[in-house]
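Below you'll find the structure, written out as structure tokens, and then a few comments.
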There are 2 protein chains.
Amino acid sequence: MNLRLKSAYSQLKERGLDGLLLSLPANISYLTESLSRDSYLLISEKGNIYFTDSRYTEEARSFLKDNARLKECNGPVFKCIARAALELGLSSVGFEERHLPFAEFSRIKEYAKEGFALVPTNGIIEDRRQVKDKQEIARIRKATRITALSLQHIRKFLKPGIKEVEVVAELERFIRYQGARASAFDIIVASGHNSSQPHHLSGARRLKDNEPVLIDLGVDFQGYKSDLTRVFFLGKINVLVRKVYDIVLAAQDLAIKRIRPGAEMAEIDRVAREYIRSKGYAGYFTHNLGHGFGLEVHEEPRIRGKEAAALKPGMTFTVEPGIYLPGKFGIRIEDMVLVTSKRCEVLSGSINK
Amino acid sequence: MNLRLKSAYSQLKERGLDGLLLSLPANISYLTESLSRDSYLLISEKGNIYFTDSRYTEEARSFLKDNARLKECNGPVFKCIARAALELGLSSVGFEERHLPFAEFSRIKEYAKEGFALVPTNGIIEDRRQVKDKQEIARIRKATRITALSLQHIRKFLKPGIKEVEVVAELERFIRYQGARASAFDIIVASGHNSSQPHHLSGARRLKDNEPVLIDLGVDFQGYKSDLTRVFFLGKINVLVRKVYDIVLAAQDLAIKRIRPGAEMAEIDRVAREYIRSKGYAGYFTHNLGHGFGLEVHEEPRIRGKEAAALKPGMTFTVEPGIYLPGKFGIRIEDMVLVTSKRCEVLSGSINK
């Protein structure tokens, strides 16, 4: 049994639970140290049970080892889960209230009758995942390296006349030759005025001379994600675009310099946001400054205005201020940082901005 | 306001509801005729409200037209939703119990207090989506055409020595040059013994002479998905592989011939399953015969042993029997059919098997 599971047991005890049902794939992957999909995991000191269907049993057998017993479940999963909890004799089973649909909650409850209590929980495993261990950091470094190589490659590929989606195509091809399993999310290639939409759907628009091309790219390396944004320019850079770019870059730089163990997350967001406000773009930085990444591309911690929690060594998150001028253009610069014992390391620091 | 929304209103009336909260992205896309993401939709004859955050508002404004009012919601979404339902004066609001996390259900309920009832519903919109209209079928045909061209292309690309993930890379590139927005799911390339895992994660294994390569590919064209599997052979085909291939192909053929409006779904599954059983492979066809596809790659109807419902013209689903011999190899042949007024059209019929 691995250390992550053991640590989870002590979390359960603190909450007066004798079992926890996991439904968030990233949490299950974390606890089983695998690339789990389409599964549920029930953990308890009395035994861990992994539920999946026949499409995945051969794969699951190979990665579960002694971490959990495999239960193939081709009928309604709620029955399998409830029965397993009853058989283990559990009395108080937590579930992930943000990641269990209402229907499954109520079916399990109905089936369990008075056999055990189902207790909503929140973030037990996500909290643990915020601080990365050595193996996780090594994978994140590799994902970042692949991202750096891909951006270096795509710089030469960008030309007026090619479609946004063709840039995506080339990136989707290239990353897999560098060892990525897949992209971490729908790669964003937003040219010209499309860049004013922070999550633009890349499409048939053709790149043109003298406009920005925003690329937001992430890859998956052995389950760990990267997430990085750069803006490229074809031809000449318009004066306003240059000005906005410099403001975003300076805001990011101020935020990164403020990162250290113990610093309040809200403070990191604030320093970037206030700088952008001071330059007259208060209403145009419309999202949080950053987010954790790891097994998920968006995970805890959230670097935003209301987050009073303190940074800890081993946390990995993005720093990505942006200014979006609707119908005109948008600039976002996104880097990935690792909080160290004194300050932070910009994992993506080698990638030109 | 579009016809899909109007038809949804009458479904609500039949159930005694005056509102419905949608959280399944495909249902929201269907009702707003868009590529909606990260959103919620509250519909009611008193008004439709679309909730999203600042990353998507510019995009949403352009596709919502008069179908729904846009509500930008950067705080907790449950508050926005509950407040909107209260403001509309709704008394009984359905929600999608399979697609709303327990936490959101309970927060909305708590916030709404006695203002309105929250009623679990199931499949209201999914049922409507089972039968495709002309525009949907046109998009599915286009997605199928792209898939056909991609398989034709990849046939020449397959060579001993290249990695599974490199085949995925080439497909991910090629489909986008043919007009696909993205792949519909993680493309499966499973070579040799890996093919015995129905949902193998494509990896670093290199293709070898004299073994099968299973490719399961789907693309997204304007939101509509395709899903198709072929097995290719490098070099000579082993006698057992050939035998199993022929059994799967014959089982599929029998099932397809049985498809007609009014036929029971279970019957289509049964005819393939019984043929495979008669050939001695009863325990090795471990999943359902097929599934609907459209805005989702897996949707209603499910073509499986317990489904008593009848086929209707306009339904689109896969027919994909398989035989998996753990540790050895697997064969799956998957085609896409459209139920017509008399029988069915195999949409992917032009693709060699």
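Unpaired cysteine residues in the protein assembly as shown (no second Cys Cβ under 4.7 Å): A:Cys344, B:Cys344. Any idea what the relative contact order of chain B is, in percent, if you count C-alpha pairs under 8 Å spaced at least 6 apart? That works out to 14 percent.
Each residue, B:Gln135 and B:Met1, gets one label point 7 Å from its Cα in the Cβ direction; the gap between the two is 1.7 nm.
Per residue, chain A reaches -11500 deg cm²/dmol at 222 nm when only DSSP H runs of four or more residues are counted, each adding -39500 (n - 2.57). Which listed residue (B:Val189, B:Tyr56, B:Ala309) has the Cα farthest towards the positive end of the charge dipole for chain B, taking +1 on Lys and Arg C-beta and -1 on Asp and Glu C-beta about the Cα centre? Final value for the positive-end residue is B:Val189.
Here the residues A:Asp220, B:Asp246, ranked from fewest to most Cβ neighbours within 10 Å of their Cβ, fall in the order B:Asp246, A:Asp220. Karplus-derived 3J(HN,Hα) values for region B:233-240, using 6.51 cos²θ - 1.76 cosθ + 1.60 with θ = phi - 60°, are 10, 9, x, 7, 9, 4, 4, 5 Hz; glycine and proline are entered as x. Summarising the amide proton neighbourhood of A:Met315: residues at separation of 5 or more, or on other chains, whose placed amide H is nearer than 5 Å comprise A:Lys132, A:Val339. Close amide H pairs (under 5 Å, H built 1.01 Å from N) link A:Ala117 with A:Ser92, A:Val93, residues at least 5 positions away or on another chain.
For region B:250-316, the Cβ-based charge dipole about the Cα centre amounts to some 280 debye (Lys, Arg positive; Asp, Glu negative; other atoms uncharged). With a 10 Å cut-off around each Cβ of B:286-297, the average count of Cβ atoms from other chains is 1. Compared with the dominant principal axis of the Cα atoms in chain A, helix A:102-112 is inclined by about 10°.
Order the peptides B:129-142, B:291-304 from the highest to the lowest mean number of other Cβ atoms within 10 Å of their residues.
The peptides rank, most packed first, as B:291-304, B:129-142.
Starting from the label point of A:Arg277 at 7 Å along Cα→Cβ, the same points in the other copies fall at 7.0 nm, in ascending order. Each 10 Å bin from zero holds the following percent of Cα-Cα pairs in the protein assembly as shown: 3, 13, 22, 28, 22, 9, 2, 0. The magnitude of the dipole of region A:132-239, with charges of +1 and -1 set on the Cβ of Lys/Arg and Asp/Glu and taken from the Cα centre, is near 360 debye.
Considering Cα pairs under 8 angstrom that are at least six residues apart, work out the relative contact order of region A:3-129 and quote it in whole percent. Please list the in-between numbers first.
Working: 194 pairs, mean separation 31.7, N = 127.
About 25 percent, as a whole number.
Across the alpha-carbon atoms of chain B, the computed radius of gyration and Dmax are 22.5, 70 angstrom.
In debye, nearest 20, what is the charge dipole magnitude of the protein assembly as shown about its Cα centre with +1 on Lys and Arg Cβ and -1 on Asp and Glu Cβ, if you could check?
On the way: 112 positive and 88 negative charges, 326 e Å.
Result for the protein assembly as shown is approximately 1560 debye, rounded to the nearest 20.
Here A:Lys113 yields copy-to-copy label distances, from shortest upward, of 3.8 nm, the label point defined as 7 Å from Cα along Cα to C-beta. Per-residue 3J(HN,Hα) values for region B:35-43, derived from phi via the Karplus relation 6.51 cos²θ - 1.76 cosθ + 1.60 with θ = phi - 60°, read 9, 6, 9, 6, 8, 10, 9, 9, 10 Hz in sequence order (x marks Gly and Pro). Of the residues B:Val219, A:Pro120, A:Gly75, the one whose Cα sits farthest toward the positive end of the charge dipole of the protein assembly as shown, with +1 on the Cβ of Lys and Arg and -1 on the Cβ of Asp and Glu, is B:Val219.
Can you sort B:Thr52, B:Thr286 so the residue with the fewest Cβ neighbours within 10 Å comes first? Write out the running numbers ahead of the final one.
On the way: B:Thr52 24, B:Thr286 18.
If I rank by nearby Cβ atoms, fewest first, I get B:Thr286, B:Thr52.
For region A:85-91, the Karplus equation 6.51 cos²θ - 1.76 cosθ + 1.60, evaluated at θ = phi - 60°, returns couplings of 5, 5, 5, 6, x, 6, 10 Hz by residue, with Gly and Pro reported as x.
Since every read-out is calculated from the coordinates, none of them should be taken as a lab result. Given the structure is predicted, the values throughout are model-derived calculations rather than measurements. A quick note on method: Cβ atoms are made from the backbone with ideal geometry, for glycine too, and the neighbour counts reach across all protein chains shown.
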